[in-house]
Amino acid sequence: MTLLVDGTVETATRQSAAKSAGNPTVPQRLEGLDVIRGAAVGAVLMGHSWPGVFQGAGIVGVIVFFVLSGYLITGVLLRDVERHRRIRYGRFYAHRAFRLLPALIAFLGVYAVVELTADVLGDRSKGIIGYTLLAGFGHLKDLPLPFDVSMAIGPLWTLAVEEQFYLIWPALLVIALRRNRQGWLIVWSAAVVLSLMAASVLAMVILAPTLHSLVYALPTTWGLGLIIGSAVRLYRVRMFSWFSGRRRRRAALLGSILVLAALVFFPKANESPAFFVGGPLVMAAAAVLVILAASRTRIMPKWTRALQLLGMVSYAAYLWNYVVILWLNGGSTADLPPLVAVAAILLTLLLAVISWHTVEKLGRIGRDRFDKYCQARVDAGTTFRGS
């Protein structure tokens, strides 16, 4: 079987080489990407805890997550096409459910119990707990809704953007691969997203300048980051070659960090139309970091170990941090006392570690059993047809 990826022909010989190096169905975890995850969620924690200082830190973390997600998920889809000549949609969405739902169910379940019993945020009094659960489980938080939801699920808008993107992207990718039109897919999808983003920003500036938060969370505002990450994965061989020299890699690393660091301190970044202009530049900087991390062949330095560990539990840390701050600070994220900010981060990390070793572990076990069940059915069908 052959498949045109990155403008070159990838054949079954590459799969054979992968088999000789280990199990090809279980991709090796790249330490560099865990470092990026850790840095991204660390930026989000700083933005939530000290919003007056790190006003754009949350945006930096979100941008990096979107680019990294596009890279990794497109890689998953490509491996499926390379091995099976198609995308197994049932397996793809089942794997996402096993990865994301256990921690999400635990988070929303604890939120509902706390608010129903203690009403810390006043959500029971407002009668919005049910609407909040609907928006959370339905991945609707990034869209203008006809009902109010709790501040507790504010960060879930990013999950909504991703899930909506991955309802469309796999089918488009398959069509592009079959026709060898990957480049056209990237160009046209980016053009559509940028056009919609420009239209929404223009409408906001002219008609409703105070509704920046609605435009900020729209999927069209962030789709470009996912597309850029996908482009990196599709053309990674070529892009890896761009940063093959040590000096070039160091210069690219320094330049990308400076671009992202500049936005960390950008005042009220999520309220300024200037962000929508500079956003693509920041996404490109994040893409460079992903390229550098994914193409690294050496073991990461020991001093990055803490970021690697943080990257492993980044999903749960992202889910829990905002609501923990709200519960500890009387329903507000403003004027956070230093002691409360530090306590919120420590409690967030504790909950993230517990989540990783409990509900997320159950998700991993469920995914493995699901794969074994599916493989057994395939083997049984093969045996039946060959008998």
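The values are calculated or read from the model by the stated rules, or taken from the named source; none is laboratory data. What you see is a predicted model; the values in this text were computed from it and never measured. Reconstructed Cβ throughout: ideal geometry from the backbone, glycine too, with neighbour counts over all protein chains shown. Note: areas computed on protein heavy atoms with side chains; ligands, DNA, RNA excluded. Shrake-Rupley method; radii C 1.70, N 1.55, O 1.52, S 1.80 Å.
Could you tell me whether any residue of the stretch 58-72 is within 15 Å of the chain's Cα centre (by Cα), surrounded by 16 or more Cβ atoms within 10 Å (Cβ to Cβ) and closer than 19 Å to SER332 by Cα? Yes, the stretch 58-72 contains a residue that is within 15 Å of the chain's Cα centre (by Cα), surrounded by 16 or more Cβ atoms within 10 Å (Cβ to Cβ) and closer than 19 Å to SER332 by Cα. Tell me yes or no: at least one residue of the stretch 205-212 is open to solvent by less than 10 Å² (accessible area, probe 1.4 Å) and either of a type outside the set (Gly, Ala, Ser) or within 30 Å of TYR111 (Cα to Cα) (or both). Looking for residues that are open to solvent by less than 10 Å² (accessible area, probe 1.4 Å) and either of a type outside the set (Gly, Ala, Ser) or within 30 Å of TYR111 (Cα to Cα) (or both), one finds none in the stretch 205-212, hence no. In the stretch 267-278 there is no residue matching the filter, namely being part of a helix (DSSP H, G or I) and in contact with a Ser or Thr (Cβ under 6 Å, 6 or more places away or on another chain).
For the stretch 20-51, name all the residues that are assigned to a loop (DSSP other than H, G, I, E, B), among the aliphatic types (A, V, I, L, M) and modelled with pLDDT of 80 or more. Across the stretch 20-51, the qualifying residue is only LEU30. Counting only helices (runs of 4 or more DSSP H) wholly contained in the stretch 86-164, the ones carrying 3 or more residues that are touching a residue at least 60 places away in the same chain (Cβ under 8 Å), touching a helix residue (DSSP H, G or I) at 6+ places or on another chain (Cβ under 8 Å) and open to solvent by 60 Å² or more (accessible area, probe 1.4 Å) occupy 89-117. For first residues located in the stretch 308-329 and farther than 22 Å from VAL290 by Cβ and in contact (Cβ under 8 Å) with a residue 24 or more places away in the chain, partners that are β-branched (Val, Ile, Thr) and open to solvent by less than 10 Å² (accessible area, probe 1.4 Å) and lie 6+ apart or on another chain with Cβ distances below 8 Å form the pairs TRP320/THR348; ASN321/VAL44; ASN321/THR348; VAL323/ILE153; VAL324/THR348.
Looking only at the stretch 308-352, residues that are farther than 19 Å from PHE54 by Cα and open to solvent by 50 Å² or more (accessible area, probe 1.4 Å) come to 8 in all. Going through the stretch 202-254 one residue at a time, which ones are aliphatic (A, V, I, L, M), touching a residue at least 12 places away in the same chain (Cβ under 8 Å) and not in a helix (DSSP H, G or I)? LEU218, the sole residue that qualifies.
Given the structure, is LEU253 at pLDDT 90 or above, touching a strand residue (DSSP E or B) at 6+ places or on another chain (Cβ under 7 Å) and either open to solvent by 30 Å² or more (accessible area, probe 1.4 Å) or more than 30 Å from LEU145 (Cα to Cα) (or both)? Taking the combined requirement at face value, the residue does not satisfy it. Can you spot a residue in the stretch 168-186 that is surrounded by 14 or more Cβ atoms within 10 Å (Cβ to Cβ), over 24 Å from GLY61 (Cβ atoms) and of a type in the set (D, E, K, R)? Yes, because at least one residue in the stretch 168-186 is surrounded by 14 or more Cβ atoms within 10 Å (Cβ to Cβ), over 24 Å from GLY61 (Cβ atoms) and of a type in the set (D, E, K, R). Could you please give the count of residues in the stretch 96-136 that are closer than 30 Å to SER200 by Cα and under 17 Å from the mean Cα position of the chain (by Cα)? Here the count works out to 4.
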